[in-house]
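Here is the structure we will look at.
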Amino acid sequence: MKLRVRRSAVVAAALVTALGSAVSSAAAGTVSVETLTPPGPYSAHSDDATLGPLTCDSSEASGWLYDTGPVAADVGLLSFTNCTMSGMNVALTATGIPWQVLAAGPSPSNPSGYNVQGLAVHVEGFGCSFDVAGFLSGPFDNTTDELALDGDLLVSEAAWLGLVNDDDVAHYSASYHVTG
């Protein structure tokens, strides 16, 4: 992700976003709204995606980067490769796409923060399944073009032999390298 954030936020990843070259503040003072140059498509890759006890070899995301905030981007595609949970191969399917990536605004602890809204994923293994939903947030590092997403998602529709239950919390964590 060639995201050059001069101040606050723009992408989030899911997942997951990318900038072509520069971000500059479009609003002085109050709430920061970013101007992204140029707008367009992005892609993102992670080698460390985890969802609770579930791990995946990799995750890919792509979508569109907008030229102004607060909606910085959307996540139009999210896929996962070679995922396992408790020794069982599982498939993850993103649902309800596209998801919005919102600029979270600067704060002392997160100067370029982003939130991925509306996130929903269906997990399915041999005779077992569950859904997770919620939002993720995290900072973008301009030096490495990495978006670190993190957050707790709520489990529903669980049918996983009592190992995963409705209303369980599943922690998602991944660092996405973004290009665009």
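So the values come out like this:
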quantity: Karplus 3J(HN,Hα) series, Hz, for segment 136-149 with 6.51 cos²θ - 1.76 cosθ + 1.60 (x for Gly, Pro); calculated: 10, 9, x, x, 10, 9, 5, 6, 9, 6, 10, 10, 9, 9
quantity: Segment GLN117-ASP167, extension gain: residue separation times 0.36 nm, minus the distance between their alpha carbons; calculated: 16.1 nm
quantity: Accessible-area value, VAL155, 1.4 Å probe, nucleic acids and ligands omitted, Å²; calculated: 0
quantity: Largest to smallest accessible area among HIS171, HIS122 [probe 1.4 Å]; calculated: HIS171, HIS122
quantity: With all protein chains modelled, accessible area of THR81 [1.4 Å, Å²]; calculated: 60
quantity: List GLU60, GLU157, ordered by accessible area with a 1.4 Å probe, largest first; calculated: GLU157, GLU60
quantity: Heavy atoms of TYR172 accessible to a 1.4 Å probe, total area in Å² rounded to 10; calculated: 10
quantity: Per residue accessible area of segment 55-180, 1.4 Å probe, in Å²; calculated: 47
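The values are calculated or read from the model by the stated rules, or taken from the named source; none is laboratory data. None of the values given here were measured: they were computed from a predicted structure. Surface accessibility is based on the protein's heavy atoms, side chains included, excluding ligands, DNA and RNA. Shrake-Rupley method; radii C 1.70, N 1.55, O 1.52, S 1.80 Å.
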